[in-house]
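Asks: The structure's right below; bear with me while I get my questions together.
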Amino acid sequence: MTRKNLNCSKRRFNKTKTLCLFLMPLITLLIMNILNNGKITTIVSWVIYYPHIFFLNYLLLFGIINFFILLPFRIYLTSSIVIFLFFSVLGFVSHQKMTINGIPLLPSDFLLIKEAFNVSGSFSFIYFFLTIFCLIAIFMILLLLKFVPKDKYKWSSRVIIALLSLTLLFNFYFNFGFIQKAFGLQLINFSPKINYEQNGLLVGMILNTQNLNVQEPSNYGPDSIKQILDSIQANNKIQPDFKPNIIMVMSEAFWDPTLMKNVSFSEDPIPFFHSLQQTQTSGTLLSPVYGGSTANTELEALTGFSTQFLAGGVVPYAQHINRPLEALPLILKRQGYTATAIHTYDNWFYNRNKVYEKLGFDKFISKEFFNNPEYKGQYIRDTELIKMILTEIQATAKPDFIFALSMQAHGPYPSEEYPDNTINISCNTLSPSSKAILSNYVNTVHDVDKSLAQLIQGLEQIEEPTLVIFFGDHLPLLGEDYIVYKEAGFISGDNSYRDYENLHSVPFVIWDNFSTVKQYYRISSNYLSVLTLKFAQKAGGPLTDFLSGLLSEDMAVIPGPNYWNQEKILPDLLESYKLLQYDLMFGNEYVYRYQPENRPGENKSYLLGDGAAVIERVEIKDDLLLIHGKNFKEKHTVYLNNKPVKTDFIDAHNIKGVGLKNLKNTDKLEVQIKLIDSQQNVIGESNIFVIESSS
C-alpha cells in the first residue's frame, strides 16, 4: 500500500472513531427507548415535543459510553457494545413487564430481584430473547477483534473526551437537582409508562430513584412499637350489630368557589352542598396536595397514613404500596361488609388496579366496566357514578362499604368560556382568560352538586341505614401559577401559612339517615377514616385507634412540614405516629407481632369489575355470531379462536361478532370475550365456549 493510500486509510479510520463517539450514544438511546415503548412513532413524538429532554438523555449516555475512550479503540468498541446491550435489555425487559402486568421496569424492581426470578418462569420467552441479544453481542465483538485494526494510542485527545464524560457523569450524580430544574424535568407519578415516554427510560428511572428509599427512623424497633400500642386508647363508641352502608365519595377537585369573597355569582354554584352544611356534620379538610396528585388524599382517607411524613412529590400508590395494608376496606370486611371501589376513569391510573387489592377491596369497577355512560366534556358525568353506587347498594345482601371517585370536575378548565355556561361570575380584578377559567369550573362543579343531590335522594328511597362522607381531593388547578386565585385576591402569593391553608382546604360533609348529630370539624384528610368509623360506630385498627387518640389531643390537622409550628402539634405524639406508619408501610410490621389478629392476609377474592362475564349460549346465523350470557360490557371484544373480531354490544346479556364468513364450515370454534383497557391490558375475560362442527 502506498503512503498516500495509507494516509487516506488512516483518515477514514480516524473519522470512523470520531463518528463512533457521537453515534454510539445516539444509537443506544434510540434502540433502548424503541424497545421500551414498542413503537417508533412514540420516539418521534418524544424528539419533537421534548427535544431538550431527549438531548439530556443523550448527554448522559455520551458520558457513560465515552468514559471508556481511555481504553484502546477495539476495547472501547467492545465496551460500547456491552453498554448498548445492557440498555437494550433494560428497554426490552421494561416493555415485557409493561405487557405482562401493565407497569414498566421501575428502580424498586431491582430491590425485588428474588421475586423477579420467582415469577420469571411465567414468561420464560424473555430468556430466549436475552440469549439472542447475548449471541449477537458476542458475534459483533468477535468481528471487531478480527477486523478492526489496532490504532496508535493518542492519550491527549482521549483524556480530554474522558474528562468531559466524567464531568457529565459527575454533574448527573451530584447536581441532578440543578439539572432537573434547568431542563424542566417532571416526575409523572400517575403513570410510570407516561413518565418514561416524556422523560425517556434512563432519565425517567433516575427521577424515580429520588423517591425510592425511605430511611428507617433511628428509634425504630419492636420495643418502641409495643410502647405505642400500649398507650393507645380508642374512644369511639362501637355497636357490633349496627351495620349501616358506608359510602365515601371523593369528588374530583370539589371546592367551594364562594369562598372567593371578591367574586360574585349569578346564583349559588353548589346549593345542595350548602344545604347539607346547614343540617349535617360538615367541616374543612386539609388536603396534602394542590391541583393534582389525587392519590395522596385518597391514601390518607382510606388508611390514616400521612403523606406529610414522606419525601415531597412522592405518590405512594405509584412507588410504595407493595404489601397488604390495614385500610378501611379490610377493617370493615372483618365486620361483615362488602368493599367496592368505583371510579369513572381508567383502572390503571395511579396504579389503582394493583393498589386496591393491597387495601382489601373485593372489587374495583372502573371506567371500562360502565355501559354507554353519559359524558360531560371529556370525562364521564358524575351522574353515572351515582347510578353505579345506587346499583351496588341494592345488589348485595351484606352491608356495603363503597369508595367512589368522580372525574367530571377534573381540569383543565379552558381560558374560553363554555357556550352552555348558565352561572355568570363578576369580579373587577379578573382578566378575561381568568374569568373564563373560573366560569368553566364553577359551572362544572354546579353540575357535580346536582349529582350529590341525586345520590342523597336515591339513598332516601332505598331506606337502608346509610352513612355518606363526601369530600374534595384538592382545589382545582385554576390557571398557571395560581393566577386565578391571585387575581381574585384569594391568596397573596407570599407563601404564608394563610395561603397554604387556602390552597389546601377543601369542604366535606357527612350525611346519614339514622342520627341527628350535627358537628363541625377541621381535620386533615388522614383523619377521615377515623371519623368514618366513629359515625358508623365500627371498630378500627391499630392506626385508626391511635389517630382517634390524637383527635382528642387536638392534633386534628397535620400540614406540610414547613408549617408544623403553625398548628398545635405535640412532637412526641407526632413521632409515635411516624413510627407506627413506618412500621406498617415499610418496616417489619412489629404491630402484628403484638396484634396478630389484625395482620392483613392475601386478598384472593379481589376482582376487576362487578362480576366475571359468562358465555352461556352461542348461535351462528350466516355471518353473525350471537353470544348470550351475563355481565357483558360495552367495551368487550369477541375473540374467535383467540383472534379479535368486529363486535357489536347489544346489552348486558347479548353481544355479537359481525362480518364473519364460513363459520359453519369451521371444524372447531372457541368463543371468548375479553375486556382490553387503554394500555392494551386484558382486565377481564369470560369462559371459553367451544363449538364443535356437526359435519
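Asks: Cβ contacts < 8 Å: first residue at negative phi, restricted to segment 588-612; second residue hydrophobic (A, V, I, L, M, F, W, C) and in a loop (DSSP other than H, G, I, E, B), any location; separation 6+ or different chain. Result?
Replies: Qualifying pairs under 8 Å: P600/L325; N603/F361; Y606/F361.
Asks: Working only within segment 394-421, note down all residues that are at pLDDT 95 or above, of a type outside the set (F, W, Y) and within 21 Å of A536 (Cβ to Cβ).
Replies: P399, D400, I402, A404, L405
Asks: Any residue in segment 560-581 that is in contact (Cβ under 8 Å) with a residue 60 or more places away in the chain and assigned by TED's automatic domain parsing to the domain that holds S505 sitting within a Cβ distance under 7 Å of a residue that is small (G, A, S) and part of a helix (DSSP H, G or I)? List the pairs, counting only those 6 or more apart or interchain.
Replies: Hits for this filter: L579/S224.
Asks: Could you check how many residues of segment 50-62 are farther than 23 Å from S80 by Cα and in contact (Cβ under 8 Å) with a residue 40 or more places away in the chain?
Replies: 2
Asks: Return the residue satisfying two criteria in turn: it lies in segment 600-634 and is of a type in the set (D, E) and within 30 Å of the chain's Cα centre (by Cα), and of such residues it is surrounded by the fewest Cβ atoms within 10 Å (Cβ to Cβ).
Replies: E602
Asks: What pairs can you find where one residue is in segment 64-84 and in a loop (DSSP other than H, G, I, E, B), the other is modelled with pLDDT under 85, and their Cβ atoms are less than 8 Å apart, with a gap of 6+ or different chains?
Replies: The qualifying pairs are L71/S79; P72/K150; P72/D151; P72/Y153.
Asks: A further question on this structure: State all residues of segment 160-201 that are buried (at least 18 other Cβ atoms within 10 Å of the Cβ), over 18 Å from the mean Cα position of the chain (by Cα) and not in a helix (DSSP H, G or I); if no residue qualifies, say none.
Replies: Correct list: L185, G200.
Asks: How about segment 65-79: which of its residues are crowded, with 21+ Cβ neighbours inside 10 Å and closer than 25 Å to F183 by Cβ?
Replies: Hits for segment 65-79 are I65, N66.
Asks: On the basis of being without any contact (Cβ under 8 Å) to a residue 12 or more places away in the chain and surrounded by 17 or more Cβ atoms within 10 Å (Cβ to Cβ), does D499 make the cut?
Replies: Criteria met by D499.
Asks: Specify the residue that is nearest to H504 (Cα to Cα); the eligible residues are those in segment 278-331 that are out of contact with any strand residue (DSSP E or B) (no Cβ under 8 Å at 6 or more places or on another chain) and among the β-branched types (V, I, T).
Replies: Looking at residues that are out of contact with any strand residue (DSSP E or B) (no Cβ under 8 Å at 6 or more places or on another chain) and among the β-branched types (V, I, T), I get V289.
Asks: For segment 356-378, name all the residues that are under 30 Å from F305 (Cβ atoms) and without any contact (Cβ under 8 Å) to a residue 60 or more places away in the chain.
Replies: Answer for segment 356-378, where residues must be under 30 Å from F305 (Cβ atoms) and without any contact (Cβ under 8 Å) to a residue 60 or more places away in the chain: L359, K367.
Asks: Given the conditions (1) assigned to a helix (DSSP H, G or I); (2) in contact with a Ser or Thr (Cβ under 8 Å, 6 or more places away or on another chain), report the number of the one that Y563 does not fulfil.
Replies: The one condition Y563 does not meet is (2).
Asks: I would also like to ask the following. Of all residues in segment 464-512, how many are under 18 Å from F265 (Cβ atoms), more than 24 Å from the chain's Cα centre (by Cα) and either outside the structural domain of Q308 (by TED's automatic domain parsing) or among the hydrophobic types (A, V, I, L, M, F, W, C) (or both)?
Replies: Going through segment 464-512 one residue at a time, the tally reaches 3.
Asks: Here are some conditions: (1) in contact with a Leu (Cβ under 9 Å, 6 or more places away or on another chain); (2) closer than 30 Å to K243 by Cα; (3) at pLDDT 95 or above. L467 meets all but one. Which one does it not meet?
Replies: (1)
Asks: So how many residues does segment 390-419 have that are farther than 30 Å from I246 by Cβ, in contact (Cβ under 8 Å) with a residue 12 or more places away in the chain and surrounded by fewer than 22 Cβ atoms within 10 Å (Cβ to Cβ)?
Replies: 6
Asks: Does G684 satisfy being touching a residue at least 60 places away in the same chain (Cβ under 8 Å), surrounded by fewer than 18 Cβ atoms within 10 Å (Cβ to Cβ) and small (G, A, S)?
Replies: It is false that G684 is touching a residue at least 60 places away in the same chain (Cβ under 8 Å), surrounded by fewer than 18 Cβ atoms within 10 Å (Cβ to Cβ) and small (G, A, S).
Asks: So, in segment 295-323, of the ones that are surrounded by fewer than 24 Cβ atoms within 10 Å (Cβ to Cβ) and touching a His at 6+ places or on another chain (Cβ under 9 Å), which residue ends up modelled with the lowest pLDDT?
Replies: If we take residues in segment 295-323 being surrounded by fewer than 24 Cβ atoms within 10 Å (Cβ to Cβ) and touching a His at 6+ places or on another chain (Cβ under 9 Å), then V314 is modelled with the lowest pLDDT.
Asks: With a cut-off of at least 3 residues that are closer than 28 Å to W564 by Cβ, name the strands (runs of 3 or more DSSP E) lying wholly within segment 278-370.
Replies: 281-286
Asks: Do we have T422 as crowded, with 23+ Cβ neighbours inside 10 Å and more than 30 Å from P399 (Cβ to Cβ) here?
Replies: In short, no.
Asks: Report whether or not F490 is on the phi < 0 side of the Ramachandran plot, surrounded by 23 or more Cβ atoms within 10 Å (Cβ to Cβ) and of a type outside the set (V, I, T).
Replies: It is false that F490 is on the phi < 0 side of the Ramachandran plot, surrounded by 23 or more Cβ atoms within 10 Å (Cβ to Cβ) and of a type outside the set (V, I, T).
Asks: To continue, here is another question. Tell me whether segment 527-536 contains one or more residues that are touching a residue at least 60 places away in the same chain (Cβ under 8 Å), assigned to a helix (DSSP H, G or I) and exposed (fewer than 13 other Cβ atoms within 10 Å of the Cβ).
Replies: no
Asks: Can you tell me which residues in segment 533-559 are in contact with a Leu (Cβ under 7 Å, 6 or more places away or on another chain) and either outside the structural domain of S496 (by TED's automatic domain parsing) or among the polar types (S, T, N, Q) (or both)?
Replies: Scanning segment 533-559 gives a single hit, T544.
The values are calculated or read from the model by the stated rules, or taken from the named source; none is laboratory data. Values in this document were obtained by computation on a predicted structure and should not be read as measured data. Glycine also receives a Cβ, built like all others from the backbone with ideal geometry; neighbour counts cover every protein chain displayed.
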